[in-house]
Every structure is written in C-alpha cells, then in structure tokens.
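Below: the structure, in structure tokens.
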Amino acid sequence: MKKFKFYCPTKIVFGEGSVVQLRNLITGKYKRILLHYGGGSIKKSGLYHEIIGILKELECEVYELSGVEPNPKLSLVYEGVKLAKEKDIELILAVGGGSVIDSAKAIGIGARYNGDVWDFYTGKSQVKETIPVGVVLTLPATGSEASMGSVITKEDGPDKLAVNDDIIRPEFAIMDPLLTLTLPDKQTFAGVTDILSHIFERYFTHTSNVDLTDHLCEATMKTVIKNAYILKKDPKDIAARAEIMLSGTIAHNGILGMGREDDWSSHSIAHELSAFYGTTHGRSLGIIFPAWMKYVYKENINRFVQFATNVFEVSVVNKTLEEVALEGINSLITFLKDIGVPTSLSEEGLPTDNFDLMAEKAVNDGSLGEFKKFTKEDVVKIYDLAK
C-alpha cells in the first residue's frame, strides 16, 4: 500500500424527499445564488419549481443559467463566469448530472480568477479558490457530486480536458433516488458504465497489499452490476436506484483509490470520442474499456484473474490463467451488451478515420497511463481493438 491523503468534505444528504433539506443547507450562508441546469427536464418533473419555491421562501437573489449539454462546453462556462462576477454570486447550485456539476465547478473557479478559466484545464494555472458549489443530483454517473474533478470540452479544438483539485469538491450534494425514476434507459445504463469505469481505473493497479480497497472495489462493482440487472427488468425499482446512486458517489470520491496507484488512461482515450463525436461519456467508456483490457491484461494477469473470479465468479477449474482473465473480460462485455451499452465503435456508428489525431491528443504530454505506459501508437492500437 502506498502513502496517501484522503479528503472529502462534501456533505451528503441522501434519501427520498431530501430536496427539502436544501432549506437548511443554505439558510444563513448564501443569498445570491446561480441556479445552473440543463434543459427542461427539471421543469417537467416539478423539481425546478420546488427548488425555486425554497429559494424564494428564503428571499434569495436567484440568477439562472440553463443549457448545459452532455460533455459540457467551455462557451457556456464563459457565460457563467461573466454572470457570476457581475452578480457577485455566493453559491452555484447545480441541478442535474455530471455535466451540470462539472460546468458549475468550472464557473466557480473561473469567477474567482482574473485570467481565462481554460488556463486551469491546460495546466497553465493552478486553482486557488472557488465559489462554493452545491448539488441536487438527478443522474448517477460521474460521481462529480463529491469528486475533485471537472471535465470541460473546448469546442474549437476539439479538446476535452480535466481539472482535479480538492478545492472544487462541492459543499453539499442532495441525493434523492426518486429524482432518477424518469431517466431513460440509455442514460441510466450509460451512468452505470461510467460508475464501473471509475472503479476500474483504481482497481487495475500494480500496487500490492491493498486488500481492503480491493474488496471495497469488488463489492461496489458487484452491487452496481446486480442492481443494473434489476433496473433492466424494472426501471421503477427505487431500492436498486438508491444502490446505484450511492455507488456512483463511492466510486469517485476517492475512497476506493486510497493507497493505490490508479490509471485513468481509458478515460483520456474515451474523452477523445466525446470531444470529436459528442458521444455520451459512459457509452464511450463502454467502447474503450474492453479494448483497453484486452490490450493490457498480460501486464498483470493475476489482477485480471482476481477481477474475473471475485466480480464475475468465473471458475478457474481446468483453465489457464489467461483463459480465466479473458473470460472475465468477456463477462464484462456480455454485461454491457445486456444493458444496451455499445462495446465497439461500429455498434455506436462512429467513424474510424481519426485514430491518429485522437491518439495524439490523448497523449499530448508524451505518454499516458500507469498500469501500462502508452505511446501514441499504443492508443491507436486500442482504438483498432475497439472497432
């Protein structure tokens, strides 16, 4: 096990009907609030009106910025930064999923900075402060409600880059599984894939003596897989939605990575699919992760055998280690197909003519990955495996 520091100050308010707790979370703390959200879904569901009612009751000054899209755009972040500065915003309230939360985080750090917020994403500047962000989560997927990360897409690159800093972790996150009942299957299961991918990036490691976090990772993966199958049969199963919602937070708040060397190369490779083609992040990961696994499993075959046996209960009887490892990877592919997530570029109808450029962007600092160090040529081969 490696040395580590763990810090996650986000207050989690979990359970059915928990939106009413927003009143207690902002009373006496915040008056000028930027309400940040996507399209009209929160208005159709009634959530928007419930939140506005609470804020008006508390006599808050409420300013709104809607229009967040999947793979949140830098252009909207710029609008938010300008608005937040002009109105001296005290809290950004993100109502939605990871895209809205990531956009809110970007606005928060941009509004407390005299330069271009994109400087943080390119590494030209380090985050020093932020406007606090609060969350009402409607889509379990990215774990951004309690994570240190924000991923933004600059349209004219296209470039999809991340900031990671404890400063941008939200102040609070309200998590009511009832708010996820109206999600289409496509969003639900793209979210499931995103959650699993956050665990994979930590689980597949060369770090030894990490029994505790190994078992935590495996338990979270099994919980997600089990409850995804339940939701496939009954999308209204609120208990299964609650399990997946909490798993999404655990998967990416840092606790599963304590003392481990993690990787994140698959996320970087998948980000290029989203940047170039606008694919949903979770579906991009469904395409890339099986290809990544096939490319790297021999780097630590025992780790893949452990994954196969402990997560998918693959039998080792009369099989070589390689056969067990590959059966584990194929079990993951079967699961993804069962829940309707693509596992290849062809299934998603994506082009295959930009591999060189995407690979170049993915390894823009010269190399990528920890489980296996990738060159541009390695990344191209992974894209080839994902065809």
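The values are calculated or read from the model by the stated rules, or taken from the named source; none is laboratory data. For clarity, every value in this text was computed on a predicted model and none was experimentally measured. Cβ atoms come from the backbone with ideal geometry, glycine included; neighbour counts cover every protein chain shown.
What the table below lists for this structure:
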{"read-out": "Residue list for the stretch 250-268, restricted to those being touching a Phe, Trp or Tyr at 6+ places or on another chain (Cβ under 9 Å), in a helix (DSSP H, G or I) and within 13 Å of residue 143 (Cβ to Cβ)", "value": "255, 256, 257"}
{"read-out": "Residue check, residue 285 assigned to a helix (DSSP H, G or I), surrounded by fewer than 23 Cβ atoms within 10 Å (Cβ to Cβ) and within 21 Å of the chain's Cα centre (by Cα)", "value": "no"}
{"read-out": "Tally, over the stretch 208-249, of residues that are in contact (Cβ under 8 Å) with a residue 40 or more places away in the chain, crowded, with 16+ Cβ neighbours inside 10 Å and either part of a helix (DSSP H, G or I) or in contact with a Lys or Arg (Cβ under 7 Å, 6 or more places away or on another chain) (or both)", "value": "18"}
{"read-out": "Conditions (1) within 23 Å of residue 261 (Cα to Cα); (2) within 26 Å of the chain's Cα centre (by Cα); (3) β-branched (Val, Ile, Thr): number failed by residue 334", "value": "(1)"}
{"read-out": "Matching residues, the stretch 254-271, being within 15 Å of residue 197 (Cβ to Cβ) and not β-branched (Val, Ile, Thr)", "value": "256, 257, 262, 263, 264, 265, 266, 267, 268, 270, 271"}
{"read-out": "Residue in the stretch 115-129 that is in a helix (DSSP H, G or I), under 27 Å from residue 187 (Cβ atoms) and β-branched (Val, Ile, Thr) present", "value": "no"}
{"read-out": "Tabulated pairs, the stretch 363-387, first touching a residue at least 40 places away in the same chain (Cβ under 8 Å), second small (Gly, Ala, Ser) and in a loop (DSSP other than H, G, I, E, B), C-beta under 8 angstrom, 6+ apart or interchain", "value": "374/367; 386/344; 387/344"}
{"read-out": "Subset of the stretch 44-69 that is without any contact (Cβ under 8 Å) to a residue 60 or more places away in the chain, within 24 Å of the chain's Cα centre (by Cα) and closer than 24 Å to residue 181 by Cα - its residue that is surrounded by the fewest Cβ atoms within 10 Å (Cβ to Cβ)", "value": "69"}
{"read-out": "Selection status of residue 50, out of contact with any strand residue (DSSP E or B) (no Cβ under 7 Å at 6 or more places or on another chain), charged (D, E, K, R), at pLDDT 95 or above and on the phi > 0 side of the Ramachandran plot", "value": "no"}
{"read-out": "Condition met for residue 113 (out of contact with any helix residue (DSSP H, G or I) (no Cβ under 6 Å at 6 or more places or on another chain) and surrounded by 14 or more Cβ atoms within 10 Å (Cβ to Cβ))", "value": "yes"}
{"read-out": "Residue match in the stretch 320-334 (condition: in a loop (DSSP other than H, G, I, E, B), of a type outside the set (Gly, Ala, Ser) and farther than 30 Å from residue 140 by Cβ)", "value": "yes"}
{"read-out": "Qualifying residue in the stretch 295-315 (condition: in a loop (DSSP other than H, G, I, E, B) and surrounded by 13 or more Cβ atoms within 10 Å (Cβ to Cβ))", "value": "yes"}
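Conditions (1) surrounded by 19 or more Cβ atoms within 10 Å (Cβ to Cβ); (2) in contact with a Cys (Cβ under 7 Å, 6 or more places away or on another chain); (3) not assigned by TED's automatic domain parsing to the domain that holds residue 272, marked per residue:
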{"position": "137", "(1), (2), (3)": "yes, no, yes"}
{"position": "147", "(1), (2), (3)": "yes, no, yes"}
{"position": "165", "(1), (2), (3)": "no, no, yes"}
{"position": "169", "(1), (2), (3)": "yes, yes, yes"}
